[in-house]
Amino acid sequence: MKEKRTFMDVVWRVLLYAWSLTILFPLVWVIYESLKSNPEFFKDIWALPSEPRWQNYSKAWNQYGFGQSLLNTLYYVGGSLVLGLFFTTINAYALTRMQFKGRKLIWGLIMLSLFLPGINALVPQYVVMRELNLTNSLTGLILLSSLGESVFYLMLLGGFMSSLPMELEESATMDGATLFQKFWRVIVPLSTPGIVTVGVFKFLGFYNNFLAPFIYLSDPKKYPIAVQMYSANKQMEFTADWVTLFAGVTIAMVPSIIIYILFQKLLMEGATMGAVKG
């Protein structure tokens, strides 16, 4: 049966198309500006490039350090993601699937952190990191990022885990499974969509994280992509080489787009299931 569309459906559809254009157009504009020469860019910012200048990308990769910063980002984001995702998963399991004294109090304290501005922890964190000799270190940054827990991720993954039947764990217990085996072999595989959803959100958070790397890293050779973008932008004040900066911006977008394409289906499934059953 064909669905009948009303006038308001058409209006909403047009509005959504217009909204999507406001997101896509700046991205497309940056990409084709990255293929121009600087004189072409300053002559007309809306015109298409007369001839694609792919060398802007090699210049951004080598001269402006985007290649090294992308490797630093891979190490920082990869390490933070693996450790942080493990801690979030096991914390969500403990707080939603296990019964122990003080569980509600712990949940309450975690929820309280929602109302505390994170900027308050900046100075104490820096003092602790400095005393442990973890400043100016990507490994120290990984520890700082992965050990800090987010209430939003706990609630999202906890809501997903709490929707799983308790009989699954009871059957595993009857088969002689230990607590960790029930978590690792029963809960984790069934929670894959929720874990992937949290993983993608964490990836975007770590990948776009600017403040912590900017504060804790003093060596430009250790900068991740977000700080390197800022550093390259500062250089533009003296060189005005905007097309190379646009090439660097395009390079920085590639990993996020790849992650979204690979995990789009699991991301949508995990987000909607967690929202409905949580």
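The values are calculated or read from the model by the stated rules, or taken from the named source; none is laboratory data. Bear in mind that the values here come from a model prediction, so they are computed numbers and not experimental data. Neighbour counts are summed over all protein chains in view; Cβ atoms, including those assigned to glycine, are modelled from backbone coordinates with ideal geometry. The area values use the complete protein model at the heavy-atom level, side chains included, leaving out ligands, DNA and RNA. Shrake-Rupley method; radii C 1.70, N 1.55, O 1.52, S 1.80 Å.
Numbers for the structure displayed
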{"item": "Accessible carbon and sulfur surface of the chain relative to its total accessible area, %, 1.4 Å", "result": "70 percent"}
{"item": "Set Lys36/Lys221; Lys36/Lys222; Lys182/Lys202; Lys182/Lys265; Lys59/Lys234 screened for pairs whose C-alpha atoms are more than 21 Å apart", "result": "Lys36/Lys221; Lys36/Lys222; Lys182/Lys202; Lys182/Lys265"}
{"item": "Per residue accessible area of the chain, 1.4 Å probe, in Å²", "result": "62 Å²"}
{"item": "Ranked packing of 103-113, 35-45, 192-202, 238-248, most packed first, by mean Cβ within 10 Å", "result": "192-202, 238-248, 35-45, 103-113"}
{"item": "Residue-averaged 222 nm ellipticity for the chain, from DSSP H runs of 4+ at -39500 (n - 2.57), nearest 500", "result": "-23000 deg cm²/dmol"}
{"item": "Nearest-0.05 FRET efficiency for Ile261 and Met111, computed from C-beta distance (R0 51 Å)", "result": "0.90"}
{"item": "In order through the range 185-201: 3J(HN,Hα) via Karplus (6.51 cos²θ - 1.76 cosθ + 1.60), integer Hz, x for Gly, Pro", "result": "9, 10, 6, 4, x, 6, 9, 3, x, x, 5, 5, 4, 5, x, 5, 4"}
{"item": "At q = 0.27 Å⁻¹, base-10 log of I(q)/I(0) for the range 186-254 (Debye sum, equal scatterers on each alpha carbon)", "result": "-1.17"}
{"item": "Rule-of-thumb Rg ratio for the range 1-72 [Cα; 2.2 N^0.38 Å; N residues]", "result": "1.76"}
{"item": "Option label - volume of the Cα convex hull per residue in Å³ computed here, alternatives (1) 133; (2) 283; (3) 211", "result": "(3)"}
{"item": "Largest to smallest accessible area among Leu70, Leu95, Leu48 [probe 1.4 Å]", "result": "Leu48, Leu70, Leu95"}
{"item": "Contact order relative to length of the chain, as percent, for alpha carbon pairs under 8 angstrom and 6 or more apart", "result": "32 percent"}
{"item": "Inter-centroid distance (Cα atoms) of the range 148-219 relative to the range 46-110, Å", "result": "15 Å"}
{"item": "Rounded tilt (10° steps) of 7-33 against the dominant C-alpha axis of the chain", "result": "60 degrees"}
